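Structure, as structure tokens:
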Amino acid sequence: MAEPFLIGDAMTGGYGGADILHDCTIAVEKGQIAVIVGPNGAGKSTAMKAVFGMLKLRLGAVRLEGEDISALTPQARVAKGMGFVPQTSNIFPSMTVEENLEMGAFIRRDDIAATMEQVYTLFPILRDKRGQAAGELSGGQRQQVAVGRALMTQPKVLMLDEPTAGVSPIVMDELFDRIIEIARTGISILMVEQNARQALEIADKGYVLVQGANRYTDTGAALLADPDVRKSFLGG
Ligand SMILES: Nc1ncnc2c1ncn2[C@@H]1O[C@H](COP(=O)(O)OP(=O)(O)OP(=O)(O)O)[C@@H](O)[C@H]1O
Ligand SMILES: [Mg+2]
């Protein structure tokens, strides 16, 4: 089988104590959407952090476009084309929307105006609110700032840890539509989602993690159709 665009391959490791991840494999193809679901504490965020280099792996490797990047710092991974929106503290609340986007572009030395324009086209409300402190925005708008900020480095792969946390179903649908739009431009999306059913509906590939290990791995459609997955993880 061909090497995926990005893969965390057989990852084992934790935060210094006992291992949290056990032989966990997560991958995404170019321009596709891969979704990680699973119960609270399953290790979804830990798997994302491991792929982004915020966690030292005891075993396994992370490869981007076939290159082993396991030894790289998160900042070096950003330079390689990875963008990461963490589950918490993903914006600077006291800075304006526009300052947040500028901060997102920290590694760039070229003109960022065109990218900022793309972000404002994708999320028009952010243009209206660009001079406002990001902390004053609604939950859904803040998530747009967080995603927009990550897009400012022009990533090849965008990693999102629960982008729809705490937003209404309508806002969730809108955010998923924007995420699909981003993927259509060729950017790979690797995201963790609590709204498992809805996320798997837009997923090319899905991963059900339990206790730091892969429990089910298949296409989004196949997982949605699997009676065991439905019963245990999708509420029937
Ligand atoms: N910084 C940390 N230091 C030590 N242990 C941690 C740390 N962060 C998470 N853990 C532990 O790792 C395990 C997995 O946590 P993780 O945050 O990856 O789960 P999750 O699947 O993202 O959960 P949630 O759905 O609640 O976001 C938990 O047992 C948690 O207590
Ligand atoms: Mg988490």
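Do we find that G31 is surrounded by 22 or more Cβ atoms within 10 Å (Cβ to Cβ) and touching a helix residue (DSSP H, G or I) at 6+ places or on another chain (Cβ under 9 Å) in this structure?
Criteria not met by G31.
Before we move on, is I182 under 20 Å from L209 (Cα atoms), buried (at least 16 other Cβ atoms within 10 Å of the Cβ), at pLDDT 95 or above and more than 13 Å from ligand 1 (Cβ to nearest atom)?
Criteria not met by I182.
Show the residue pairs meeting these rules: Cβ distance below 6 Å; 6+ apart or different chains; first residue within the stretch 101-114 and under 14 Å from G148 (Cβ atoms); second residue small (G, A, S) and surrounded by 11 or more Cβ atoms within 10 Å (Cβ to Cβ).
Correct list of pairs: L101/G148; I112/A105.
Identify all residues within the stretch 37-50 that are near ligand 1 (Cβ under 8 Å from one of its atoms), in contact (Cβ under 8 Å) with a residue 60 or more places away in the chain and either over 23 Å from D177 (Cα atoms) or not in a helix (DSSP H, G or I) (or both); write none if there are none.
Within the stretch 37-50, G38, P39, A42, G43, T46, A47 meet the criteria.
Return yes or no: is R63 part of a strand (DSSP E or B) and among the basic types (K, R)?
Yes.
Identify, from the list V229, V145, V167, the residue that is surrounded by fewer than 23 Cβ atoms within 10 Å (Cβ to Cβ), in a helix (DSSP H, G or I) and of a type in the set (V, I, T).
Answer to the selection: V229.
Quick one: in the stretch 1-32, of everything that is aliphatic (A, V, I, L, M) and free of Cβ contacts under 8 Å to residues at least 12 places away in the same chain, which residue is farthest from G186 (Cα to Cα)?
A18
The values are calculated or read from the model by the stated rules, or taken from the named source; none is laboratory data. It should be emphasised that the depicted structure is a prediction, and the values quoted were computed from it without experimental measurement. Every residue, glycine as well, gets a Cβ built from its backbone with ideal geometry; the counts of neighbours run over all protein chains shown.
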